[in-house]
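Shown next, in structure tokens, is the structure this report addresses.
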Amino acid sequence: MKYSFCPKCGNRLGVQLIDQHERLTCSDCGFVFYQNSKPCAGVLVVDQNKLLLIRRAIEPFKGYWDIPGGFLEPGEHPEIGAVREILEETGLQVQLGELLGIFMDVYETTGDPTLNIFYTATVAGGEARAGSDAAHLHWFDLDALPHQIAFKSAHKVLALLRNGHKQT
Ligand SMILES: [Zn+2]
């Protein structure tokens, strides 16, 4: 995300080289806008040999299949955020399994770099229904996943899941 004005005093931000990174700074109040990758939690809900995916109802990647999940709230532990997002997007209560991996990506609508934390999970309750960001839910056979998958990080973690799956 590109910012023009200081969130502290409202003056125009400039760019300064600090710690070998170009950072937005305010010459008026001294504010330095340290930015980070945005943390997201994604959940691979698995039942037998099936994986739950959602069809995205919004951009980016509208119409593509996606791993349910989303951005964490400030201060929110990724395990809490993962369970919350799954309930919001799918109506399902899940029991988290293992931390499968962490992958860097970019949220194309804003250009923000993202840090994506993926868990496995099983269904613990609730009733599957599509939430606001998800047009459809579908259980895919792990050996027959759709080709149109949103986000590079999702491709990577699905490859990891399938390889791990084949080894067991
Ligand atoms: Zn300022």
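The values are calculated or read from the model by the stated rules, or taken from the named source; none is laboratory data. Because the structure is predicted, anything quoted here is derived from the model rather than measured. Methodologically, a virtual Cβ is constructed for each residue, glycine included, from the backbone with ideal geometry; neighbour enumeration extends over all protein chains shown. These area figures cover heavy atoms from the full protein model, side chains too; ligands, DNA and RNA do not enter into them. Shrake-Rupley method; radii C 1.70, N 1.55, O 1.52, S 1.80 Å.
Helix 78-90 and the long axis of the chain differ in direction by around 60°, with both axes built from C-alpha atoms. The residues of region 1-143 expose, per residue, 57 Å² of accessible area to a 1.4 Å probe.
Annotation for region 77-141: GluC sites (Glu not before Pro) lying in DSSP loop with at most 14 further Cβ atoms inside 10 Å of their Cβ are Glu108, Glu127.
Working value for the chain: equivalent-ellipsoid semi-axes of 35, 16, 15 Å, each the square root of 5 times a Cα gyration tensor eigenvalue, largest first. In the chain, the longest principal axis of the Cα atoms and the axis of helix 152-167 are about 40 degrees apart.
Taking a 1.4 Å probe, which of Trp65, Trp139 shows the most accessible area, and what order do the others take after it? Working shown, then result.
Working: Trp65 30, Trp139 80 Å².
Greatest to least solvent exposure: Trp139, Trp65.
Mean-square fluctuations from a GNM of the chain, with a 10 angstrom spring cutoff on Cα atoms, peak among Ile117, Ile18, Ile80 at Ile18.
Nonpolar atom fraction for the chain, defined as the carbon and sulfur part of the 1.4 Å probe accessible area, stands at 51 percent. Secondary-structure-derived ellipticity at 222 nm for the chain, considering helices only, amounts to -5500 deg cm²/dmol, per-run term -39500 (n - 2.57) for DSSP H runs with n ≥ 4. Of all lysines in the structure, those lying under 26 Å Cα to Cα from Lys8, and not within fewer than 8 positions of it along the same chain, are Lys38.
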